[in-house]
Amino acid sequence: MTSMPLPTPAHITLVQTSWQRCQPIIDTAANLFYDRLFTLDPSLRSLFPAEMGEQKKKLMTMISAAVAGLNDLNALVPVVQKLGRRHVAYKVEARHYPVVGQALLDTLATGLGPAFTPEVKEAWTVVYGVLADTMISAASTP
Ligand code: HEM
C-alpha cells in the first residue's frame, strides 16, 4: 500500500526514547493495553486465550523488537510480514487493526503522562500504521 508515510528519523527517535521510558512499567503497560483493548471492543476477547500471561510477554517483546528494528526497515519488514500471516490463523482481520492501534495509543498516553506529547503521539501513529499496513498486506499474499 502506498498511502502510509514512512517514519522519519525524528519519528523513530521519538518512538524509541518513549518506549525506553515505558520499560520500568512494562508489565503494567501490558495489563493496561489489554484492558483498554477489551473495553474498546469486547468481542476481541474471544480471539485470545483465557490465560493471557504469555501473550502479554510476547506482545511486549515483539513491540520492543519492532521499535529497535526501525533503524533497519529492510530487515524488519519480512519479520512483520510473517507476523501478519500468522495473524490470519488467529482469525485477525484488517478491520481489527485500528482498534488495536487506538488501545496502544491510549496505553502510551496513560503510561507516559505528560511525556506523551503531540509529537510522540504522531510518531507512534505513523510507526503503528506502517507495522499494521505491512501485516495486513502480507496477510493477503503468500
Ligand atoms: C502491530 C500490530 C500487532 C503486533 C506487533 C502483534 C503481535 C503479536 C505477537 C508477537 C503475538 C504472539 C504470537 C506470534 O508471534 O505469532 C500475537 C498473537 C496474537 N495477536 Fe497480535 N499483534 C498485532 C496486531 C494484532 C491485532 C490487530 C489483533 C486483533 C485483535 C491481534 C490479535 C492477536 C491474537 C488473537 C493472537 C493469538 C493469541 C493466541 O492464540 O495465543 N494482534 N500478536
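Does the stretch 101-113 include one or more residues that are closer than 22 Å to Val126 by Cβ, part of a loop (DSSP other than H, G, I, E, B) and either of a type in the set (A, V, I, L, M, F, W, C) or in contact with a helix residue (DSSP H, G or I) (Cβ under 8 Å, 6 or more places away or on another chain) (or both)? No - not one qualifying residue is present in the stretch 101-113.
How many residues, within the stretch 7-33, are more than 19 Å from Val67 (Cβ to Cβ) and within 15 Å of the ligand (Cβ to nearest atom)?
Taking the stretch 7-33 as the starting set, the residues that turn out to be more than 19 Å from Val67 (Cβ to Cβ) are 31.
Those left that are additionally within 15 Å of the ligand (Cβ to nearest atom): none.
So the count comes out to 0.
Exactly one residue out of Tyr90, Tyr97 is among the hydroxyl-bearing types (Ser, Thr, Tyr) and buried (at least 18 other Cβ atoms within 10 Å of the Cβ), and it is Tyr97.
Do you know which of the residues in the stretch 48-64 that are exposed (fewer than 13 other Cβ atoms within 10 Å of the Cβ) and near the ligand (Cβ under 9 Å from one of its atoms) is farthest from Ile25 (Cα to Cα)?
The initial filter retains those residues of the stretch 48-64 that are exposed (fewer than 13 other Cβ atoms within 10 Å of the Cβ), namely 49-51, 53-54, 58, 61.
Of the ones still in play, those that are also near the ligand (Cβ under 9 Å from one of its atoms) are 49, 54, 58, 61.
On the way: Pro49: 23, Glu54: 17, Lys58: 16, Thr61: 14 Å.
Selected residue: Pro49.
Please verify whether Val67 is closer than 24 Å to Pro9 by Cβ, in contact (Cβ under 8 Å) with a residue 12 or more places away in the chain and within 11 Å of the ligand (Cβ to nearest atom), treating the condition exactly as stated. Here the answer is yes, as Val67 does meet what is asked.
Bear in mind that the values in this text are calculations on the coordinates, not laboratory data. All of these numbers come straight from a predicted model, not from anything done at the bench. Methodologically, a virtual Cβ is constructed for each residue, glycine included, from the backbone with ideal geometry; neighbour enumeration extends over all protein chains shown.
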